[in-house]
1. Name all residues of the range 1-17 having a backbone nitrogen under 12 Å from the label point set 7 Å from the Cα of Asp92 along its Cα→Cβ direction, giving them as ranges.
2. Using the Cα centre of the chain as origin and beta-carbon charges of +1 (Lys, Arg) and -1 (Asp, Glu), tell me which of Trp148, Leu58, Thr36 is placed farthest towards the positive end of the dipole.
3. Projecting each Cα onto the charge dipole of the chain (Lys/Arg +1, Asp/Glu -1 at the beta carbon, about the Cα centre), which of Phe13, Gly106, Tyr24 comes out farthest on the positive side?
4. Within 10 Å of each residue's Cβ, count the other Cβ atoms and sort His133, His65 from fewest upward.
5. Pro160: net charge of surrounding residues, Cβ under 14 Å, Lys/Arg +1, Asp/Glu -1, itself excluded?
6. Would you order Phe67, Phe13 from fewest to most other beta-carbon atoms within 10 Å of each residue's own beta-carbon?
7. Quick one: if the Förster radius is 30 Å, what FRET efficiency do Glu113 and Val5 give, using the C-beta to C-beta distance and rounding to 0.05?
8. Taking the Cα centre of each part, how many Å lie between the range 28-54 and the range 131-187?
Amino acid sequence: MKALVDFLFEAGFLKRLSRSGYAYLGSGDESVADHTCRTLFAAYVLAQLSEGIDMERLLKLCLFHDFPEARMGDLNSVQKQYVEAMEEKVLDEAAERLPFGEEIAGLVREFNEKETPEAILANDADQLDLLLHVKEQADMGTARTDPWLEGAYRRLRTEPARRLARLAMETDSTDWWLSRLRDSAGT
């Protein structure tokens, strides 16, 4: 039971761990847990637009894809040029101490290998969250977001993800609530 409690505290640390890449953008602070949350929602939507997807597996892939960052930190693309993440060590330790550690390790490895339909969709959900977050920053006036948006879009592998991304880039991120205010004011 102690290992399970420790696991829950470790997972909770992801709420306090900032995603490091946004420092280069100049705005857009978010935690790893924040990112994981919308990645799960994006994966659910993508699964609804796709056929033959194991929803449970897809959601587990998204839930655990950044779990090792609780120990390694969130290494962005600049840092990865100079620092080697020891993700395998984190996964091995999780596998040793948790009754479901092998499952977590397998899910993270599957996500990283990007070969199964669920892993491909999970990676697209991961990139969709990045794209949506950066689009929100662009809508709030952050400069130099185009390379980020273009990069996230280029990494998408499925047509449903590309369709969602194209529409997201054309949509004001406040439309979901602000348009309701405009509509109700006009009636």
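Only the coordinates and a few stated rules stand behind these numbers; no lab work does. Keep in mind it's a predicted model, so treat the numbers as computed, not measured. Note: ideal-geometry Cβ built from the backbone for every residue, glycine included; neighbour counts use all protein chains shown.
1. none
2. Trp148
3. Final value for the positive-end residue is Tyr24.
4. Values: His133 21, His65 25.
Taking fewest neighbouring Cβ atoms as first place, the list is His133, His65.
5. Values: positive: Arg157, Arg162, Arg163, Arg166; negative: Glu51, Glu118, Asp124, Glu159.
For residues surrounding Pro160, the net value is 0.
6. Details: Phe67 22, Phe13 14.
So the ranking, lowest neighbour count to highest, is Phe13, Phe67.
7. Details: r = 31 Å, r/R0 = 1.03.
According to the calculation, E is roughly 0.45.
8. 15 Å
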